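The values are calculated or read from the model by the stated rules, or taken from the named source; none is laboratory data. Just so you know, these numbers come straight off a predicted model, no measurement behind them. Please note: Cβ atoms are built from the backbone with ideal geometry, for glycine as well, and neighbour counts cover all protein chains shown.
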Amino acid sequence: MTDTTTEKGVVKAPTGAVGAALEPAPAPRPARLWRGATPWLFLLAPLALLIVFTYAPIANMVAYSFTDWDGVSPELHYTGAENYAELFTRSDLFEVFWVSGYYLAASVFQIVAALYFATILSFNVRFRNFFKGVLFFPYLINGVAIGFVFLYFFQDGGTLDSVLGLFGVETDRAWLGTPESANTSLAAVSVWRYLGLNFVLFLGAIQSIPGELYEAAELDGANRWHQFRYIIAPGIKPVLSLTVILSISGSLSVFEIPYIMTGGATGTETFVIQTVKLAFQFNKTGLASAAAVVLLLIVLAVTWVQRRLVPDDKVDLA
Amino acid sequence: MTRHALARTLVYLSLIAATVVVLLPLAAVVLTSLKSEREMADDSGALALPGNPLNFHNYATAFEDGRMLSAFANTAVILLFAIGGTVLIGSMTAYAIDRFTFRFKKLVVALFLVAALVPGVTTQVATFQIVNSFGMFDSLWAPIVLYMGTDIVSIYIFLQFVRSIPTSLDEAARLDGANAFTIYRRIIFPLLKPAVATVVIVKGITTYNDFYIPFLYMPSEDLGVISTSLFRFKGPFGAHWETISAGAVLVILPTLIVFLLLQRFIYNGFMQGATR
């Protein structure tokens with residue numbers, strides 16, 4: 001009580017009252033036991049939730065994937081790897097993976113565009129905050145609302161046709177009518193929606209590069225391209241690799257936009273839509289579990305590869 | 001010099017083009033939401049201006065027939081409990097992991113780390129059975145518990161902040177006779193305010209926008225949240241784009257207001273959330 005450092009002074013005020021209300025210090029042995037139990041008391045609820053809602057489902061899912069369970073009946077039969085065989089041999093089940101290709105291609109465009117806008121907005125540009133806000137805002141919008149906005153956009157006589165009409169282009173093309181056109185349109189919507197997040201991540205990384213580096217480079221006669229190549233590019237490498245991973249696993253697990261807009265019709269069904277349909281419409285819990293396990297393994301594999309390629313993935317930007 | 005000017009012009013042109021691409025689809029929906037049924041029928045195109053720009057009739061229809069009031073109420077309840085729970089759980093976990101050494105600590109940390117890699121959409125097939133077995137299916141508890149229990153990102157955010165609080169504060173309080181719970185409640189938690197703000201914003205926006213979980217777990221119409229209620233517009237309002245548009249605008253508007261008010265926090269929050 002004699003030691004009055006500044007820190008302690010700060011602390012004393014709130015604890016003083018409580019400390020007085022507490023019982024006198026308990027005996028040493030129970031105290032040590034109590035201390036050992038303390039962290040577990042804090043972790044009780046978090047760990048229970050983590051195990052019940054993350055690990056138990058994974059374990060169950062793996063178990064279901066070897067059965068023919070329909071999700072309701074008390075009966076289920078062990079079928080070995082049959083579900084997995086079905087998944088990889090029935091072409092209509094595996095085909096949905098190709099739809100991810102559209103989203104993967106779109107995310108390449110998305111990353112390049114985000115990088116471009118992040119770079120130019122990190123320099124002095126008028127109305128910078130306005131442009132930053134406009135580019136980021138779509139990421140915050142409710143997915144169902146986005147789905148409707150773009151259903152109207154691609155509709156016959158909707159926004160897109162009206163805009164084309166302004167330029168004298170008359171089309172009566174059904175934008176969501178053929179698989180190629182529909183998937184391209186949906187992938188474009190996903191670029192519209194997610195570009196903002198990539199952009200803000202890149203911008204944050206670029207802005208955390210100390211300004212003196214640019215000044216020094218300019219003194220050395222470096223132009224904008226050199227500044228990008230030798231200062232910005234190395235500075236954002238960790239964020240870039242993170243973005244690539246998020247894009248790949250995102251492309252494989254697309255659900256909201258196609259489900260809301262087309263319900264998976266005209267060849268726009270993705271792997272997750274198919275899994276959800278198998279599980280909750282056709283009651284093929286076993287097969288759906290096998291599909292989910294495959295997706296999970298792919299996503300984990302992609303993440304693992306990234307960690308190996310970019311070992312120092314500490315994204316310390318602050 | 002002219003080359004420089006040209007480059008500048010191109011930069012601005014690209015920014016303006018991007019702005020048009022982002023805002024035009026939204027503007028068209030706002031315009032449509034203000035049109036009357038007759039205006040919609042005369043086929044003047046999506047970009048035609050509404051006759052009466054203050055025609056809020058469609059908003060009334062969307063709000064009442066689309067059951068948006070109960071949707072906002074349900075969303076508010078879920079937000080309150082899910083965010084409150086996430087803040088408590090995240091801060092407690094972070095405190096326990098950072099401030100204590102205990103057996104199996106490495107294992108516990110690894111459990112949380114690996115869980116962060118598992119995409120939630122993949123495991124719902126089996127999560128559904130567990131939620132169902134607790135009798136939480138088709139109740140507000142299902143999304144609340146799932147949002148609370150599976151948010152590893154906010155644990156990371158709290159962990160970073162707890163690390164930055166000097167342990168000398170804990171020790172000083174302990175000398176004064178405070179126990180671990182008092183330290184957590186009186187010292188750590190109050191100092192976590194910036195992290196709490198971040199988690200509330202990020203969690204709030206993602207919860208407000210989530211479609212998958214309420215769609216799977218709360219099929220009854222009374223339990224519609226804004227995502228699922230808006231999704232149900234598809235049936236009854238089929239071709240009534242003026243009503244659907246009004247519903248979409250009603251859902252987007254709160255997000256826009258929050259964004260304009262809290263811009264800086266939102267950028268930082270999502271950056272911390274994504275990069276961990």
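Restrict the check to the stretch B:27-47 and report whether at least one residue is touching a residue at least 60 places away in the same chain (Cβ under 8 Å), of a type in the set (G, A, S) and either closer than 25 Å to A:Q155 by Cβ or within 11 Å of chain A (Cβ to nearest Cβ) (or both).
Yes, the conditions are met somewhere in the stretch B:27-47.
Yes/no per residue for (1) among the charged types (D, E, K, R); (2) touching a strand residue (DSSP E or B) at 6+ places or on another chain (Cβ under 9 Å); (3) surrounded by fewer than 18 Cβ atoms within 10 Å (Cβ to Cβ):
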| position | (1), (2), (3) |
| --- | --- |
| A:L160 | no, no, no |
| A:G177 | no, no, yes |
| A:E180 | yes, no, yes |
| A:S185 | no, no, no |
| A:V189 | no, no, no |
| A:L201 | no, no, no |
| A:I206 | no, no, no |
| A:A216 | no, no, yes |
| A:A222 | no, no, yes |
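Filter the stretch A:237-277 down to the residues that are touching a residue at least 24 places away in the same chain (Cβ under 8 Å), assigned to a loop (DSSP other than H, G, I, E, B) and within 11 Å of another protein chain (Cβ to nearest Cβ), then identify the one that is nearest to A:E95 (Cα to Cα).
So the residue we want is A:T270.
Inside the stretch B:70-110, can you point out the residues that are polar (S, T, N, Q), over 18 Å from the mean Cα position of the chain (by Cα) and more than 9 Å from every other protein chain (Cβ to nearest Cβ)?
If the condition is that a residue be polar (S, T, N, Q), over 18 Å from the mean Cα position of the chain (by Cα) and more than 9 Å from every other protein chain (Cβ to nearest Cβ), then B:S70, B:S91 are the ones that fit.
Give the number of residues within the stretch B:168-203 that are surrounded by fewer than 18 Cβ atoms within 10 Å (Cβ to Cβ) and either among the polar types (S, T, N, Q) or under 30 Å from B:V251 (Cα atoms) (or both).
Summing the residues that are surrounded by fewer than 18 Cβ atoms within 10 Å (Cβ to Cβ) and either among the polar types (S, T, N, Q) or under 30 Å from B:V251 (Cα atoms) (or both) in the stretch B:168-203 gives 4.
When you go through (1) touching an Asp or Glu at 6+ places or on another chain (Cβ under 7 Å); (2) assigned by TED's automatic domain parsing to the domain that holds A:T243 one by one for A:T79, which number turns out not to apply?
(2)
Which residue out of A:I231, A:I236 is in contact with a Leu (Cβ under 6 Å, 6 or more places away or on another chain) and of a type in the set (V, I, T)?
Only one candidate passes the filter, namely A:I231.
Here are the criteria: (1) part of a helix (DSSP H, G or I); (2) more than 9 Å from every other protein chain (Cβ to nearest Cβ); (3) over 18 Å from B:A62 (Cα atoms). Tell me which single one B:D222 does not satisfy.
The single condition B:D222 does not satisfy is (3).
Identify, please: which residue in the stretch A:41-65 is surrounded by 20 or more Cβ atoms within 10 Å (Cβ to Cβ) and within 25 Å of A:N283 (Cα to Cα) and is, among those, farthest from the other protein chains (Cβ to nearest Cβ)?
A:S65
B:V77 passes all but one of (1) farther than 21 Å from B:F181 by Cα; (2) at pLDDT below 90; which number fails?
The failed condition is (2).
With the requirement that a residue be more than 7 Å from every other protein chain (Cβ to nearest Cβ) and under 15 Å from B:D43 (Cα atoms), what does the stretch A:150-162 give you?
A:Q155, A:D156, A:L160, A:D161
Just the residues that are more than 10 Å from every other protein chain (Cβ to nearest Cβ) and either surrounded by 15 or more Cβ atoms within 10 Å (Cβ to Cβ) or assigned to a loop (DSSP other than H, G, I, E, B) (or both), please, taken from the stretch B:238-261.
B:G238, B:H240, B:E242, B:T243, B:A246
Anything in the stretch B:81-126 that is over 27 Å from A:V305 (Cα atoms) and of a type in the set (S, T, Y)? List them, or say none.
In the first step, residues of the stretch B:81-126 are kept if they are over 27 Å from A:V305 (Cα atoms); the result is B:81-104.
Scanning the stretch B:81-126 gives B:T86, B:S91, B:T93, B:Y95, B:T101.
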